[in-house]
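Read-outs: derived from the displayed coordinates by stated rules, not from any lab. All figures in this text were calculated on a predicted structure; none of them were measured in a lab. Every residue, glycine among them, receives a Cβ derived from its backbone with ideal geometry; neighbour counts consider all protein chains shown.
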Amino acid sequence: MKGVLLVNLGSPDSPEPKDVKKYLGEFLMDERVIDVPLWARTLLVKGIILNTRPKASAAAYKKIWWDEGSPLIVLSERLQDKIQEQVDFPVALAMRYGSMTIKKGLQELVDKGVDEVFLIPLYPQFAMATTETILVLAEEIRQAHFPQLKIQDLKAFYNNTDYIEVLSNSIARHLEGKDYEHLLFSYHGVPERHIRKSDITKSHCKIDGSCCATPSPAHEFCYRHQCLEVTRLVGEKLNLKEGTFSTSFQSRLGFDPWLQPYTDRTIERLGKEGIKKMAIVTPAFVSDCLETLEEIAMEGEEIFHEMGGQDFTTVPCLNDDKAFVDLLSKWINEWATSTSIEA
């Protein structure tokens, strides 16, 4: 019997500091998130970050927490429910971090008689700290607890024609009637070394301004290329004029070089340059979360206003948008009949 497991990032169980600390501990101790030797990661995370950051992060979570719970969890559950209405076999939901574990998700499917799983990381682009960590953990859990399972995963769909159309239509709909001067595509940042580590050619990714535009097998696992490609494809689809849209990267941590330009500095620059009306979209996320609802919609708007900007419009993630639900359901049903999905 076939089944589907949707996997998103995760969330603390509550916006209280103790739950946020537990969540951050699991997240930041992941060797594919902070990819330094264990001793250094332990010193950094448990010795410094978890003694200073949970209180501030908890305050940020409280700003965006819904009555129903974590926005990311609630929106992911809505997505799960709507997909379940369109497919004839079980659809489970799990998170990479937090109490809704991948093991629990797989167990739920096994308990319903599933022996073939279509694993869907809810990330359009591939990255070490997102897709890869999900796939590696899922395989470890399969081998240890569910060796009878066959698991196939949905590949990165950043350049899928149908996905670009769904994303572009969503952006156009939410910006209809808005008189904005600049549209910023903000993606979650990663350290530059992650890009080089993911380079299967071991030589292509130089992050020099040209490598992402030069065809290479490395692009299959290059997060930077895939983000820039989403911006380019959506720009073409919406007939955006050159100079009226750009790409940036948010949420950097620590002192190592991360992908640039940085979102906060880009918003600041646009305001200083006299842009009065801007819009921002976050295509690295399919579900609104702390990074979109607080870091962008609140902190980003505050920066823009401080720099003289006036109108700051945030485009919601795809969340449980009907067209996105239809697309994922289509891919799932195609997998169920052909066991082959081409992104």
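Please tell me which of these pairs span more than 22 angstrom C-alpha to C-alpha: LYS241/LYS276; LYS155/LYS241; LYS82/LYS178?
Checking Cα-Cα distances, LYS155/LYS241; LYS82/LYS178 exceed 22 Å.
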Amide H partners (placed H, <5 Å) of HIS188, local residues excluded: GLN250, ALA284
Karplus 3J(HN,Hα) series, Hz, for segment 20-31 with 6.51 cos²θ - 1.76 cosθ + 1.60 (x for Gly, Pro): 5, 4, 4, 5, 4, x, 5, 5, 6, 7, 5, 5
In order through segment 181-197: 3J(HN,Hα) via Karplus (6.51 cos²θ - 1.76 cosθ + 1.60), integer Hz, x for Gly, Pro: 9, 8, 10, 9, 9, 9, 10, 5, x, 9, x, 4, 5, 4, 5, 5, 5
Amide proton proximity set for ARG96, modelled H, under 5 Å, gap of 5+: ASN8, LEU9, GLY10
Label assignment, Kirkwood radius over Cα pairs in Å derived from the structure, set (1) 21.7; (2) 20.9; (3) 20.2: (2)
Antiparallel bridges, percent of DSSP beta bridges restricted to the chain (to nearest 5): 5 percent
Amide H within-cut-off set for ASP311, under 5 Å, with H built and near neighbours excluded: LYS277, MET278
Dipole magnitude of the chain, debye to nearest 20 (Cβ charges: Lys/Arg +1, Asp/Glu -1, about Cα centre): 860 debye
In Hz, Karplus ³J(HN,Hα) per residue of segment 245-258 (6.51, -1.76, 1.60; θ = phi - 60°; x = Gly, Pro): 8, 7, 10, 8, 10, 10, 6, 6, 9, x, 10, 5, x, 10
Charge dipole of the chain about the Cα centre (unit charges at C-beta), most positive-ward option of PRO71, THR282, GLN143: GLN143
Dipole magnitude (debye, nearest 20) for segment 249-343, charges at Cβ of Lys, Arg, Asp, Glu: 320 debye
Computed lengthening from ILE151 to ASP35, 0.36 nm per intervening residue step minus Cα-Cα distance: 39.1 nm
Rounded Å value of the spacing that divides the Cα centres of segment 268-343 and segment 5-72: 21 Å
